[in-house]
1. With the condition being surrounded by fewer than 21 Cβ atoms within 10 Å (Cβ to Cβ), I'd like the strands (runs of 3 or more DSSP E) fully within segment B:313-389 carrying at least 1 qualifying residues.
2. Any residue that is open to solvent by 10 Å² or more (accessible area, probe 1.4 Å), within 30 Å of residue B:38 (Cα to Cα), touching a Pro at 6+ places or on another chain (Cβ under 7 Å) and modelled with pLDDT of 85 or more - is there at least one of those in segment B:299-308?
3. Across segment B:136-148, what is the total count of residues that are assigned to a loop (DSSP other than H, G, I, E, B) and touching a helix residue (DSSP H, G or I) at 6+ places or on another chain (Cβ under 6 Å)?
4. For segment B:472-560, list the helices (runs of 4 or more DSSP H) that sit wholly inside it and hold at least 3 residues that are open to solvent by less than 80 Å² (accessible area, probe 1.4 Å) and under 27 Å from residue B:344 (Cβ atoms); which are they?
5. Restricting the search to segment A:181-215, which residues are more than 7 Å from every other protein chain (Cβ to nearest Cβ), open to solvent by less than 70 Å² (accessible area, probe 1.4 Å) and either in a loop (DSSP other than H, G, I, E, B) or touching a Pro at 6+ places or on another chain (Cβ under 8 Å) (or both)?
6. Residues to consider are A:109, A:145, A:78, A:124; find the one that is farther than 30 Å from residue A:56 by Cα, out of contact with any strand residue (DSSP E or B) (no Cβ under 6 Å at 6 or more places or on another chain) and small (Gly, Ala, Ser).
7. Out of (1) in contact (Cβ under 8 Å) with a residue 24 or more places away in the chain; (2) more than 23 Å from residue B:464 (Cα to Cα), what's the single condition that is false for residue B:218?
8. Take residue A:142 and tell me if it is under 18 Å from residue A:199 (Cβ atoms) and modelled with pLDDT of 75 or more.
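The values are calculated or read from the model by the stated rules, or taken from the named source; none is laboratory data. All values reported here derive from a predicted model rather than from experimental measurement. Positions of Cβ are generated from backbone atoms using ideal geometry, with glycine treated the same way; all protein chains shown enter the neighbour counts. In case anyone asks, the SASA skips ligands and DNA or RNA and just uses the protein heavy atoms, side chains included. Shrake-Rupley method; radii C 1.70, N 1.55, O 1.52, S 1.80 Å.
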Amino acid sequence: MRANGSRMGDLHPLSAAIYFLCVLVVTMFSGNPVITLSGLLGAIALFPFVCDGKTVLKTFGGLGVSILVITAINPFISHNGVTKLFTFLRINVSLESLLYGANFAAIFSAVIIWGACMGSVMKSEKITYLLGRIAPKTAMVLSMSLRFIPLFSEKARKISRSRNVLGLAEGEGKNRLSYAAKTFSALVGWSLENSVETANSMKARGYGRSARGTFFKYAFGFSDVAVLSAALLLTALNAVGQAMGGGFEFYPKITAIPHGTTDIIAYGAFFILAILPAVIEIVWRIKWKFYESKI
Amino acid sequence: MEILRIENLSFTYPKNDKKALDNVSFSIEEGDFVLVCGSSGSGKTTLLRTLKPEIAPYGEKNGKILFCGEELSSLNSLKTAGEIGFVSQQPEQQIVTDTVEEELSFGLCGICTDREKIRRRVGEVVGYFGIEGMLGKKTSELSGGQKQMLCLASVMAMNPRVLILDEPTSQLDPISAVEFIFALKRLNRDMGLTVIISEHRVEELFVAADKIAVFDSGCLISFGSPYSVGEYLASSPKAERASLMLPCATKIFRGTGGVGRAPLTVRDGREYINKNFKNGVCKKVVPGAQAHEKADVAVRLDKVCFKYGRERPYVLYDCSAEINRCEIFAVLGGNGSGKTTLLSIISGLEKPISGKVDILGKNINKYKGNSLYRGVLSALPQDPQELFIGESGREEIEQVCQDKEKAEAMARTLEIDGLLDRHPYDLSGGEQQRLALCEVLLTEPKILLLDEPTRSIDAFYKKVLAEKLRALKNDGVTVIMVTHDTEFAAEVADRCAMLFGGELTPGERPEEFFSENDFYTTQAARISRGSFENAVTPEQVIGLCQKNKAMEHERQNEKK
């Protein structure tokens, strides 16, 4: 069941989900700049392998801008730092708040990119597969709503186009607002109407009994075991290392980045974890080149 | 073996005095292919839904429905869910899940929890229906025809004994529709599956069915083999409306005063004409006078190129056309040939990459703001629901036309005046299409664009629509329609053109266009090819036959 051309896409949904969750949690909650940077680096390295070029460029562009904006705005919101750099519009800009902003922006970007990678690897059938056993109804609702979002926006566009040609355009000012409200209510009506038909189709096919089978089948192979155990081990190593190592604070005065042995181990473990999928993808592609040359 | 027996079935919807089904009785044998037909609102859908307990309509029901000898309502829901399959007319709304595999296994997962068995069944139907190409896709990526085929496969995976289909092809183009019906016939033949299908486009099914049930305002007016039903429809005064849906060969047979067993198929029709009318001298229809030799051009396309994205293929390439004022111009073409795109270019919704579009002699870009859509041009979208945002039909038509009497009159012509107080979504497919048409016609444009105007409309309203379009033409309106319906195009169009490979062929009169086409043509043209040169509608064939007969008579009289 290969979803896209990536090796990550071949993994069993459980391994992939746990891997992504580990990386996301560590990146989000650590706050240590070294961890943040490793997370961001790993995400950037994996992104081109699982998404198409257009999405990658668009996301990088958007995130580049938001990193700058968040970094620049933070000093004006938070006045906590003590190392004063300069005064702008009677507000003291401190080194700490600037760096905190930058770190936060980097975490934000890393989470977005990891999220996008996860979305591309974990196709809807994998999510419903995972949830199907624990919460079959939730899985069903999820699968239906995933289908509904594109339908809804497409329909809104079509309504507006078709009515425009009849000379029933949006109008201006207040009219525009009431027109939008009407279109929205029509859309809601349309979706309710459709859901009646969908519900009928479900009922007609005997939906509603408690026990449900599943169609999908994913083999849990060696690579799944390897990725799953690597994810769990490295995350545990990182957590222990960070807990035992030195602390790091931005406010009130930025502390030195801890660099004892345990800290180095924690950084190393997370760096390997974050860069792992990109390495897997590269190795896999090299292998393919090798196979192809043999063919 | 008798699989379904219906005895004195009556049904009334709540808050409704009129019976939707009135004392209906008939029986269906296992392995029968039953066609249920009748004009819209005649109770077809009500009947079919009552046969499927899970989705039976609410209301007062009298009479008996026996499934394999047992009362349907007393049966276990697990049994009826699996053994009676149901496919409705809206492929889009019937699909529940996001991916093709999930959809195929949806019903099965409910009645069976053994994964290996589910996979085997799904594998079986995928192979049988030949839909391997759909696997791994998202359901939203599929075309309408593929979606409907997926619905059918998903129901068939549950291994039903009876398959009920409510106008399954009404949202499909004719090519996908024929493919779908072919799949049904094959299921019926290969598996001995009992099929009960309602349809308004009955040309193919009329011949294929074992039994036909004809409904008129809730009553079963005729039930039996295609021949006997054909006989009844052609002769009974009660069935005047329903007789419009007879196959072309039967219409010609009746129109020429044939006696005996009426032909149903194209093959039988050809034989009938060859035998009786071939020796005539009159082979050609005299086309009406060419409408204004040098007429004004209403829409001019000059080397228009268009595509939806930089890396996507061209939809229109070097496409040029001149459409005259006061003419009905029909654009025909296969699926995905760009017909709808062509209309959105003409209506200014899409801008061509290169080339020029002139509307009434003025470049389309020179129409500022909404001036193009105020009294100049108006369009009927492919899906009528795209127009409806009001609470009632009346609100819908009054927002395009302040003159209430005029709006009412138009609604009366299309026979939807009685439905105006209902919510647009509560109307049937055909009624919605007529309401949308009414709305579009009320904008009184100089140029009218119609995208599949005859979709889900039955034979009777097709005639009404044809008359309305001709009247509009005489009032100076230019009509450009995109359609798959060759019969309709042959009847109303002044010129027809084919869109293929991004280019439009030069427009020809339907007599020339359809008589030169071998595949993409009308039933009448297929029947009369060889005997006559350019007859493309049943009326033309009948006319020629009668002329020939008269000449034959004269000749014989002279001999005497």
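1. Filter on segment B:313-389 gives B:316-324, B:354-359.
2. Within segment B:299-308, not a single residue is open to solvent by 10 Å² or more (accessible area, probe 1.4 Å), within 30 Å of residue B:38 (Cα to Cα), touching a Pro at 6+ places or on another chain (Cβ under 7 Å) and modelled with pLDDT of 85 or more.
3. Looking only at that region, the number is 1.
4. B:486-492, B:510-516
5. A:208, the sole residue that qualifies.
6. A:78
7. Going through the list (1) in contact (Cβ under 8 Å) with a residue 24 or more places away in the chain; (2) more than 23 Å from residue B:464 (Cα to Cα), residue B:218 breaks only (2).
8. For residue A:142, the condition - under 18 Å from residue A:199 (Cβ atoms) and modelled with pLDDT of 75 or more - is met.
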